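> My questions all concern the structure below.
The values are calculated or read from the model by the stated rules, or taken from the named source; none is laboratory data. Keep in mind that what you see is a predicted model, and the values were worked out from it rather than measured. FYI the Cβ positions are ideal-geometry reconstructions off the backbone, even for glycines, and counts take in every protein chain you see.
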Amino acid sequence: MRRSLVAGNWKMHGSQEMVAQLLQGLTSGIGAGLEGVDVVVCPPSPYLQLSQSLLQRSAVVLGAQNVHDQPAGAFTGEVAVSMLIDFGVQFVITGHSERRQLFGETDEMVARKFAAIHEQGLTPVLCVGETLAQREEGAAEAVVAAQLDAVFEHNGIAVMKDAVIAYEPVWAIGTGKTASPAQAQQMHSFIREQLARRDAEVAGQTRILYGGSVNADNARELFAQADIDGGLVGGASLKVDEFITICKSVSE
């Protein structure tokens with residue numbers, strides 16, 4: 001039985017005051033934890049230390065939004081996995097469409113980052129997804145398969161049992177548009193099939209999240225689908241009550 005997961009990606013939002021209010025409200029609302037659900041928050045790097053302090057003795061787990069693939073060196077502005085470990089980070093997002101589109105991260109770069117995260121004992125959250133143009137061209141599955149293959153070929157398939165995949169249709173991120181539950185399930189099923197072609201046991205263990213304008217209104221129906229194991233939540237994760245509702249939608 002796969003344990004559900006809901007992760008909040010705060011992107012480039014926050015202040016010390018906002019982080020304190022958000023995490024205090026979230027930890028209070030989550031309490032000792034939710035049955036069968038892991039809850040993760042991924043704040044901007046400058047707020048990792050504050051978040052670590054506020055999440056002590058909490059059921060909420062700390063994640064990060066990005067990392068460099070090298071352990072150290074002359075990479076101005078970058079962050080190493082070891083630095084994230086210093087602040088209690090357990091999950092790291094890699095391959096998010098904004099990193100791919102706005103910062104030029106290739107499938108190969110994502111595969112290297114995935115390797116660095118996994119090799120140092122953290123859990124990679126591998127994001128995959130197609131643009132609207134790619135979907136309209138009928139290339140959605142081919143695009144997602146290529147993104148997955150790059151990671152499988154670089155890292156092997158066995159590592160996926162210690163990882164998370166997040167399917168995020170690019171056309172539904174921050175747009176207010178959401179893939180229908182049927183559309184989301186279809187792609188999640190396809191992703192699990194890609195895993196199963198290589199290792200059926202790993203396919204059954206790997207958690208696959210849906211991301212793309214998840215909110216309190218659509219979460220329950222999305223999370224009810226057979227191959228959707230939770231969500232990678234953007235804007236709604238910045239609203240305490242809405243994020244808690246989304247988290248509880250999984251446990252229900």
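> Out of S45, S97, S58, which single residue is among the polar types (S, T, N, Q), touching a Ser or Thr at 6+ places or on another chain (Cβ under 9 Å), surrounded by 15 or more Cβ atoms within 10 Å (Cβ to Cβ) and closer than 28 Å to G129 by Cα?
After ruling out the rest, the residue left standing is S97.
> I need the full set of residues from region 1-17 which are surrounded by fewer than 17 Cβ atoms within 10 Å (Cβ to Cβ), in contact (Cβ under 8 Å) with a residue 12 or more places away in the chain and outside any loop (DSSP other than H, G, I, E, B), in order please.
The answer is Q16, and nothing else.
> Which of the residues belonging to region 82-114 are of a type in the set (F, W, Y) and either in contact with a Gly (Cβ under 7 Å, 6 or more places away or on another chain) or within 20 Å of G8 (Cβ to Cβ) (or both)?
Selection gives F87, F91.
> Also, I was wondering about something else. Looking at I30, I117, I93, I85, which is the one that is in contact with a Pro (Cβ under 6 Å, 6 or more places away or on another chain) and among the aliphatic types (A, V, I, L, M)?
Every option except I117 fails the conditions.
> I've got another one for you. Could you list, in sequence order, all residues of region 222-246 that are among the charged types (D, E, K, R), without any contact (Cβ under 8 Å) to a residue 60 or more places away in the chain and farther than 18 Å from P169 by Cα?
Selection gives K239, E242.
> If a residue has to be touching a strand residue (DSSP E or B) at 6+ places or on another chain (Cβ under 7 Å), not polar (S, T, N, Q) and not in a loop (DSSP other than H, G, I, E, B) to count, how many in region 91-144 make the cut?
Going through region 91-144 one residue at a time, the tally reaches 14.
> Name the residue, out of F114, F75, that is closer than 18 Å to V151 by Cα and among the aromatic types (F, W, Y).
Answer to the check: F114.
> Can we say I191 is modelled with pLDDT of 95 or more, closer than 19 Å to I93 by Cα, under 18 Å from the mean Cα position of the chain (by Cα) and in a helix (DSSP H, G or I)?
For I191, the condition - modelled with pLDDT of 95 or more, closer than 19 Å to I93 by Cα, under 18 Å from the mean Cα position of the chain (by Cα) and in a helix (DSSP H, G or I) - is met.
> For region 18-42, how many residues meet the condition of being assigned to a strand (DSSP E or B) and surrounded by fewer than 17 Cβ atoms within 10 Å (Cβ to Cβ)?
Qualifying residue count, region 18-42: 0.
> Here is a list: L195, L209. Which entry is crowded, with 19+ Cβ neighbours inside 10 Å and out of contact with any Gly (no Cβ under 7 Å at 6 or more places or on another chain)?
That would be L195, the only listed residue that is crowded, with 19+ Cβ neighbours inside 10 Å and out of contact with any Gly (no Cβ under 7 Å at 6 or more places or on another chain).
> Just a yes or no: is a residue in region 203-221 without any contact (Cβ under 8 Å) to a residue 60 or more places away in the chain, assigned to a helix (DSSP H, G or I) and under 30 Å from E119 (Cα atoms)?
There is at least one residue in region 203-221 that is without any contact (Cβ under 8 Å) to a residue 60 or more places away in the chain, assigned to a helix (DSSP H, G or I) and under 30 Å from E119 (Cα atoms).
> Do we have any residue at all in region 73-83 that's modelled with pLDDT of 95 or more, assigned to a helix (DSSP H, G or I) and surrounded by fewer than 20 Cβ atoms within 10 Å (Cβ to Cβ)?
Within region 73-83 (the criterion being modelled with pLDDT of 95 or more, assigned to a helix (DSSP H, G or I) and surrounded by fewer than 20 Cβ atoms within 10 Å (Cβ to Cβ)), the answer is yes, since at least one residue qualifies.
> Could you list, ordered by first residue, the pairs with Cβ atoms under 8 Å in which the first is in region 83-99 and within 14 Å of N66 (Cβ to Cβ) and the second is modelled with pLDDT of 95 or more and aromatic (F, W, Y), at least 6 apart or interchain?
Listed pairs, sorted by first residue: T94/F114; G95/F114.
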